[in-house]
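One structure is given below, encoded as structure tokens.
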2 protein chains.
Amino acid sequence: MELNTLSEFKSSKELREKLADIGFAKTFDEGETILNENAYIKAIPIVTKGSIKVMRTDEDGREILLYYIKPGESCIMSFLGGIHQDTSKVKAIAEEDTEILFIPIDKVGLLIKDYPEWLDFIFRLYHKRFEELLEVVNAVAFKKMDERLLNLLQKKCELMSSNTLSVTHEQLANELGTARVVVSRLLKHMEDQGLVKLGRNKVSLI
Amino acid sequence: MELNTLSEFKSSKELREKLADIGFAKTFDEGETILNENAYIKAIPIVTKGSIKVMRTDEDGREILLYYIKPGESCIMSFLGGIHQDTSKVKAIAEEDTEILFIPIDKVGLLIKDYPEWLDFIFRLYHKRFEELLEVVNAVAFKKMDERLLNLLQKKCELMSSNTLSVTHEQLANELGTARVVVSRLLKHMEDQGLVKLGRNKVSLI
DNA sequence: GAGTTACAGTGACTTTTGTTACAGATGGTT
DNA sequence: AACCATCTGTAACAAAAGTCACTGTAACTC
């Protein structure tokens, strides 16, 4: 496990080592499901390499992307879910090959007592996720698909540090909670406007 | 201040008294703004009587209802915002005549140290708000207006413990993030179906 | 290189929601 | 009663998104 990637805790070598000590690392391939809806939560994940996307799923199977979890961050839903013995309301999927450090729930209480910076980490993360969720509400409620699509492409490019993405229109449609034809239509329109370049399994931002 | 309404803390008379001691109470009339977007937060509000609605506002002035805060609950956004010296990302309005106990930010840290149940209260609340936000995302992304409208009416009736609401179509439209005519249209349709009964400034669920 | 599968492009149509514009109704005020 | 502001009903239209059906095409398998 690369301790250095726990950058949030750079102020406390002690906590960093403690986390590495009580946690166990696990790797996931791109696209692999890390957490399913309604699964019980027994450990809190901290991403150390790669990234995770967190999706909300409708009863009818429709999905929508909520946010990405980057290295040094944790899935905060699972945190509270874990503490209150709840099941997960969201689904987590590896966006790329990803390494995760799992901290068992029963050890988390102790950490809060012994390491104030751990509590601060959790609060900060909660705050961030909350604001991201507000942004999602905003986007879904008030923005049109073309704008949301462009936004998604930009976020993905930033995450991958690349202007070219390996995605199908179907995948994009899923993350936006819409249909494949809609995405194809909009992408084509964007290509005509010179905003993107399209290929099979490929979208490049210009 | 009615200490009994701090029902979340019924397990700890001590904490309840402490909160009443360091906080200051304030009342708001129905419709009064309690917190504006981008306002700095200097105290954490706990609702003791009445209820608050929390709205998200778009740059273009469009709004959408996020959730209600009922007696014994706090606006959790302001909690984190307050701790991190942030400005509020949401707007809070009194849904009815409301009494609020404000806890100054600088005292909050001490409470966490001294009263474990205070931290638990905060976590629990965060969790609840998070799930409510997820529901909003779900509704806005996947539900049609008629269903969302019916849902809103039901929530409002529950809050007011009444089947008849004093609202204009305009107000409902604002909370749903849509236009008045849309609400009028849908309400009329619902009346034809025998779901509601309409009057001036009045909607009754059947 | 023939076959197969997944992916992308496109047209035609429907549904839902947003927009504009205006008429009528309601309830309070003078 | 006449007036006024506010609220509600409705029609007609536009825009956005969803749905269906089908074609072409790239990449992979055998």
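The values are calculated or read from the model by the stated rules, or taken from the named source; none is laboratory data. Being a predicted model, the structure only gives us computed values, none of them experimental. Here the Cβ positions follow ideal geometry from the backbone for every residue, glycine too, while neighbour counts run over all protein chains shown. Note: accessible area is taken over every heavy atom of the protein model, side chains too, but ligands, DNA and RNA are not part of it. Shrake-Rupley method; radii C 1.70, N 1.55, O 1.52, S 1.80 Å.
Since B:Asn163 meets every condition but one in (1) more than 12 Å from DNA strand C (Cβ to nearest atom); (2) open to solvent by 40 Å² or more (accessible area, probe 1.4 Å); (3) out of contact with any helix residue (DSSP H, G or I) (no Cβ under 6 Å at 6 or more places or on another chain), which condition does it not meet?
Of (1) more than 12 Å from DNA strand C (Cβ to nearest atom); (2) open to solvent by 40 Å² or more (accessible area, probe 1.4 Å); (3) out of contact with any helix residue (DSSP H, G or I) (no Cβ under 6 Å at 6 or more places or on another chain), only one is false for B:Asn163: (3).
Which one of the conditions (1) within 11 Å of another protein chain (Cβ to nearest Cβ); (2) open to solvent by less than 50 Å² (accessible area, probe 1.4 Å) does B:Ser184 fail to meet, given that it meets all the rest?
(1)
For the stretch B:35-45, indicate whether the set of residues that are polar (S, T, N, Q) and part of a strand (DSSP E or B) is non-empty. Write out each step before concluding.
Filtering the stretch B:35-45 for residues polar (S, T, N, Q) gives B:36, B:38.
Checking which are part of a strand (DSSP E or B) leaves us with none.
No; the residues of the stretch B:35-45 include none that is polar (S, T, N, Q) and part of a strand (DSSP E or B).
Counting just the residues of the stretch B:187-205 that are among the aliphatic types (A, V, I, L, M) and without any contact (Cβ under 8 Å) to a residue 40 or more places away in the chain, which one comes out farthest from DNA strand C (Cβ to nearest atom)?
Looking at the filtered set, the residue picked out is B:Leu187.
Could you check, for the stretch A:79-93, whether at least one of its residues is over 29 Å from B:Val140 (Cα atoms) and modelled with pLDDT of 85 or more?
Within the stretch A:79-93, not a single residue is over 29 Å from B:Val140 (Cα atoms) and modelled with pLDDT of 85 or more.
On the basis of being surrounded by fewer than 19 Cβ atoms within 10 Å (Cβ to Cβ) and either within 12 Å of DNA strand C (Cβ to nearest atom) or under 26 Å from B:Ala43 (Cα atoms) (or both), does B:Glu131 make the cut?
When the stated conditions are applied, B:Glu131 passes them.
Name every residue in the stretch A:110-128 that is open to solvent by less than 50 Å² (accessible area, probe 1.4 Å) and touching a residue at least 24 places away in the same chain (Cβ under 8 Å), in order of residue number.
If the condition is that a residue be open to solvent by less than 50 Å² (accessible area, probe 1.4 Å) and touching a residue at least 24 places away in the same chain (Cβ under 8 Å), then A:Leu111, A:Tyr115, A:Trp118, A:Phe121, A:Ile122, A:Leu125, A:Tyr126 are the ones that fit.
Do any helices (runs of 4 or more DSSP H) entirely within the stretch B:88-206 hold 2 or more residues that are polar (S, T, N, Q) and either within 16 Å of DNA strand D (Cβ to nearest atom) or assigned by TED's automatic domain parsing to the domain that holds B:Gly23 (or both), and if so, which?
B:169-176
If I filter the stretch B:174-190 for residues that are under 22 Å from A:Ala139 (Cα atoms), among the charged types (D, E, K, R) and touching a strand residue (DSSP E or B) at 6+ places or on another chain (Cβ under 8 Å), do I get at least one hit?
Of the stretch B:174-190, the ones under 22 Å from A:Ala139 (Cα atoms) are B:174-180, B:182-183.
Pick out the ones that are also among the charged types (D, E, K, R) and you get B:175, B:180.
Still in the running and touching a strand residue (DSSP E or B) at 6+ places or on another chain (Cβ under 8 Å): B:175.
Checked against the condition, which is being under 22 Å from A:Ala139 (Cα atoms), among the charged types (D, E, K, R) and touching a strand residue (DSSP E or B) at 6+ places or on another chain (Cβ under 8 Å), the stretch B:174-190 yields at least one hit.
Give me a count of the residues in the stretch B:89-111 that are within 11 Å of chain A (Cβ to nearest Cβ) and closer than 15 Å to B:Glu14 by Cβ.
0
Within the bounds of the stretch B:151-158, is there any residue that is away from chain A (no Cβ under 12 Å), within 16 Å of DNA strand C (Cβ to nearest atom) and surrounded by fewer than 17 Cβ atoms within 10 Å (Cβ to Cβ)?
So the first thing to find is which residues in the stretch B:151-158 are away from chain A (no Cβ under 12 Å), and the list is B:151-158.
Next, only the ones that are within 16 Å of DNA strand C (Cβ to nearest atom) stay: B:151-153.
When the remaining residues are screened for being surrounded by fewer than 17 Cβ atoms within 10 Å (Cβ to Cβ), the result is B:151.
The answer is yes; a qualifying residue exists.
Go through the stretch A:4-58 and give me each residue that's among the aliphatic types (A, V, I, L, M) and either modelled with pLDDT of 90 or more or out of contact with any Phe, Trp or Tyr (no Cβ under 9 Å at 6 or more places or on another chain) (or both).
Start the filter on the stretch A:4-58 by keeping residues that are among the aliphatic types (A, V, I, L, M), which leaves A:6, A:15, A:19-20, A:22, A:25, A:34-35, A:39, A:41, A:43-44, A:46-47, A:52, A:54-55.
Listed by number, the residues that qualify are A:Leu6, A:Ala20, A:Ile22, A:Ala25, A:Leu35, A:Ala39, A:Ile46, A:Val47, A:Ile52, A:Val54, A:Met55.
Could you check B:Ser184 against (1) more than 18 Å from the chain's Cα centre (by Cα); (2) more than 16 Å from DNA strand C (Cβ to nearest atom); (3) small (Gly, Ala, Ser) and say which number it fails?
Result: B:Ser184 fails condition (2) only.
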